[in-house]
């Protein structure tokens, strides 16, 4: 084990040296110093030779060894080229399903990446993703670590927000169907859906830089909203000039729209409160009507991810990063490629914040028109907005010291505990709200972040239920059934322009999110605060 | 103008595999260009639910990529972009050429023959072709020939 550690350190030193040499040569070449062209090329060739062009060779399922730590923690032993062990948070019952999936191999594959700290982790809603598993969390050191677009996902800053109201179930009784239709008409949704508010080129660039702040400045929200959005709705470091025309062309007409698939706008009510103190801090009470919106960066984010995957693939080869899976392509955090991806990713993050803020505005207008009162009178206030596909710099304790590390969360939610400076002041005593949507037929949950999450998972939690049926299978299961009517009988009014989407999104297609929540709560990574039950669902 | 058909459709196929989260396609043909043509048409078939298409115009695409796999994924993404954003549905793929320009430098050029989307509705939103589990295999077909299979997963 000692010699393995030595070998890993030696590889990391060699990689750093090759990177620095290539960067220095490039800098010298760029400044036109005499004789630098040959030096540049020689340095690149040296880096290239040293770079082992290895894709594949990751850990296979049969090689994995699982060690149960306790009722909710399972460790994957570090073998082969894994830099660190893996950890899966799941119940024993869940592990039976998880072991049949390829996602544990993906946890092990992520552990191969250079500079990874402590463990490659996966939350209980884990399932097979692209490179990183969905539900994957990994943090990397600045000087030796890497940035991987696969650790963020295609839908950059896919996330969810929750609004509370002063309304109760009684206030909407007998009117839910109409409310569902009103909301559906107000928020553009569905395949290629386009916003009610088209953006000019200049405006799009402003959105990419300012995020939700742009919306507030232009009358689509309030300053109070910004205080309860992760990163205050604006990721620093965005550079719109780096974003391609193709990405902008995809994004420009779509801001303020839901999209399709598993994105939704959902009216619900608080069925149960588990933590009175936290619920009170969040402004939630039993029987209260709530609104949840789930969406991301639409076509713009997908395009940015796709383009950067290509750059990162080339970068992986250039810097000699072993890729057990191509989709794990990465570049050193200090490299120009990583810096570029950070700046473009920040644009997509800001776009998604603005997207959800714009839809909130449309929803507020819809509620105001429906109930004949202002959104302010209705108390339609934002509780919180969380990302669940993101990579960012955060300060965490590493080996007893506070260190800035790059945390990747792919299908995982930030869950900062009480006292953290990044938790809004009004929530700081209880911890950050963590919003976990389930499927459209059952329930969603509000949790709170904990110190345990800070200690173990870089302040991270699960993000949802996770699919258990493929879309193809879900359509087969739904075939011949009247899904809209079935849900209506349960008191849930669904509105969608696509019967196909609703078939793909039937409740049975998803795992029971309550099981996921029980693991998070049992492991101490997030505390249960409230359960929300849907009554009106708008799908794309 | 008649498109230069790369393949006779009867010798290629594209099927959708079961995949939990997204769309997985397995395309087959006597060689890479024809399997790729089947993959492209299979992608558009998912978008349009197998709508019949009549190629009336051509677009030339050139893709710069890291390697052949990257080029193929990029081509499918171009086809998806053309369909959803540009309003152009690809019916046939012709004149496929790979050019290996050196380490990590591959070019792929092709003609996309298709038609405007105006007469057809996109039924399924495909977001992006991915590198995950991407595979190109050459296997004997049992008749003394080799058959090329391309597996691709598309994020929905």
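The values are calculated or read from the model by the stated rules, or taken from the named source; none is laboratory data. The structure presented is a predicted model; accordingly, all values stated were derived computationally and were not measured. Glycine also receives a Cβ, built like all others from the backbone with ideal geometry; neighbour counts cover every protein chain displayed.
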Could you identify the single residue in A:331, A:354, A:348 that is in contact with a helix residue (DSSP H, G or I) (Cβ under 8 Å, 6 or more places away or on another chain), closer than 30 Å to residue A:222 by Cα and within 14 Å of another protein chain (Cβ to nearest Cβ)? A:348
Only residues that are part of a loop (DSSP other than H, G, I, E, B), more than 9 Å from chain B (Cβ to nearest Cβ) and in contact with a strand residue (DSSP E or B) (Cβ under 9 Å, 6 or more places away or on another chain): list them for segment A:311-328, please. A:319, A:321, A:322, A:324
Close pairs (7 angstrom Cβ cut-off, 6 or more residues apart or separate chains): free of Cβ contacts under 8 Å to residues at least 40 places away in the same chain in segment A:475-498, surrounded by 16 or more Cβ atoms within 10 Å (Cβ to Cβ) and not in a helix (DSSP H, G or I) anywhere: A:477/A:469; A:477/A:506; A:478/A:506; A:483/A:506; A:484/A:494
Take residue B:52 and tell me if it is part of a loop (DSSP other than H, G, I, E, B), away from every other protein chain (no Cβ under 14 Å) and at pLDDT 85 or above. yes
Looking only at strands (runs of 3 or more DSSP E) that lie completely in segment B:68-156, which have at least 3 residues being within 11 Å of chain A (Cβ to nearest Cβ) and buried (at least 20 other Cβ atoms within 10 Å of the Cβ)? B:128-140, B:146-155
With respect to residue A:513, determine if the residue is under 21 Å from residue A:126 (Cβ atoms) and either over 19 Å from the mean Cα position of the chain (by Cα) or away from chain B (no Cβ under 14 Å) (or both). yes
Please state which of the following conditions residue A:524 fails to meet, knowing it meets all the rest: (1) surrounded by fewer than 24 Cβ atoms within 10 Å (Cβ to Cβ); (2) touching a strand residue (DSSP E or B) at 6+ places or on another chain (Cβ under 9 Å); (3) touching a residue at least 40 places away in the same chain (Cβ under 8 Å). (2)
Tell me, which residue of segment A:301-310 that is at the interface with chain B (Cβ under 9 Å from one of its Cβ atoms) and closer than 12 Å to residue A:148 by Cβ is modelled with the highest pLDDT? A:305
